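The values are calculated or read from the model by the stated rules, or taken from the named source; none is laboratory data. Just so it is clear, the structure is predicted and the values come from calculations on it, not from any experiment. Cβ atoms come from the backbone with ideal geometry, glycine included; neighbour counts cover every protein chain shown.
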């Protein structure tokens with residue numbers, strides 16, 4: 001058996017899977033942000049035609065998968081697996097949204113890193129010969145996340161300066177064994193990193209150490225540096241987390257200032273839309289990837305990017321019991337050449 005590991009956490013795929021199609025959906029605030037033109041669908045209705053916000057999030061998942069399939073010229077039966085998740089308890093946004101497709105399903109929970117987790121596992125399934133086509137998708141919804149993790153929206157509580165805005169958005173990427181790219185060439189699986197942050201309104205500080213840990217592992221295993229990529233993107237650390245990661249690498253003598261961005265800082269206009277530290281939620285980096293970023297790669301604006309979604313592995317129970325917030329980050333290298 002060929003050993004594809006090139007480091008403790010990193011694998012180089014022997015037959016890099018191709019992005020076949022991608023799609024994204026956003027809500028009202030996303031339609032007012034700087035990336036609005038890169039969405040396939042934008043809705044002014046936070047319920048997406050349903051009668052609860054949770055059902056609305058399921059509608060997003062259903063629609064984004066259908067859109068990606070249509071763009072690929074495929075039917076649901078053509079997919080070997082769908083890998084997906086969300087932020088809700090028991091991933092109900094996903095399981096209820098995808099139940100009508102009857103596709104073999106792996107439900108995932110990586111918090112806001114779920115887009116990276118699903119892409120990583122899907123790429124390895126295809127490279128290993130276990131699938132020809134998979135769909136990787138995820139979503140988040142501001143109102144469902146606020147109700148579960150913080151305060152009900154009608155309460156109108158004041159947000160702290162470090163708080164981020166959970167995106168109402170979904171993104172889907174279909175990977176195939178054959179195609180014209182972009183290709184998934186490397187995957188670095190993150191480790192759980194916990195530096196003792198307990199403030200549930202400071203996700204950037206909680207997740208930044210995990211982003212640094214994964215990026216450093218990827219650079220060491222592949223023998224690359226930030227300069228070898230057109231873009232290095234985390235998601236969704238926001239302004240504070242982005243600053244922390246940049247400072248960590250500065251102490252290592254590595255310059256991250258030229259091409260390091262964060263999806264939580266790209267999706268919204270932080271000042272004009274009063275987003276405090278920026279965007280967050282599974283849908284933030286998923287929608288950014290499956291529109292702006294992959295579209296840019298298809299147009300050859302960028303040839304090689306390192307996509308590194310981050311997640312905060314907390315729950316309402318763990319927060320109420322005063323536990324700290326572990327972080328996770330998965331890195332996926334996307335390139336226009338194999």
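Some points to look at:
- Of the residues making up the stretch 201-212, those that are in contact with a strand residue (DSSP E or B) (Cβ under 8 Å, 6 or more places away or on another chain) and assigned to a loop (DSSP other than H, G, I, E, B) number 0.
- Helices (runs of 4 or more DSSP H) enclosed by the stretch 244-329 - at least 3 residues per element that are free of Cβ contacts under 8 Å to residues at least 12 places away in the same chain and out of contact with any strand residue (DSSP E or B) (no Cβ under 8 Å at 6 or more places or on another chain): 316-320
- Against the conditions (1) under 19 Å from residue 142 (Cβ atoms); (2) at pLDDT below 95, residue 60 satisfies every one except (2).
- Residue selection: residue 124 fails the criterion of being in the same structural domain as residue 169 (by TED's automatic domain parsing), touching a helix residue (DSSP H, G or I) at 6+ places or on another chain (Cβ under 7 Å) and crowded, with 16+ Cβ neighbours inside 10 Å.
- Under the condition of being in a loop (DSSP other than H, G, I, E, B), farther than 21 Å from residue 224 by Cβ and in contact with a strand residue (DSSP E or B) (Cβ under 7 Å, 6 or more places away or on another chain), the residues counted in the stretch 1-28 number 1.
- Test: residue 65 is touching a strand residue (DSSP E or B) at 6+ places or on another chain (Cβ under 7 Å) and over 19 Å from residue 291 (Cα atoms): no
- Every condition in (1) part of a helix (DSSP H, G or I); (2) touching a helix residue (DSSP H, G or I) at 6+ places or on another chain (Cβ under 7 Å); (3) crowded, with 20+ Cβ neighbours inside 10 Å; (4) modelled with pLDDT under 95 is met by residue 239 except one, and the failing one is (3).
- Residue under evaluation residue 187, criteria (1) part of a loop (DSSP other than H, G, I, E, B); (2) at negative phi; (3) in contact with a helix residue (DSSP H, G or I) (Cβ under 9 Å, 6 or more places away or on another chain), criterion not met: (1)
- Tally, over the stretch 1-44, of residues that are farther than 12 Å from residue 169 by Cα, out of contact with any helix residue (DSSP H, G or I) (no Cβ under 8 Å at 6 or more places or on another chain) and at pLDDT 95 or above: 4
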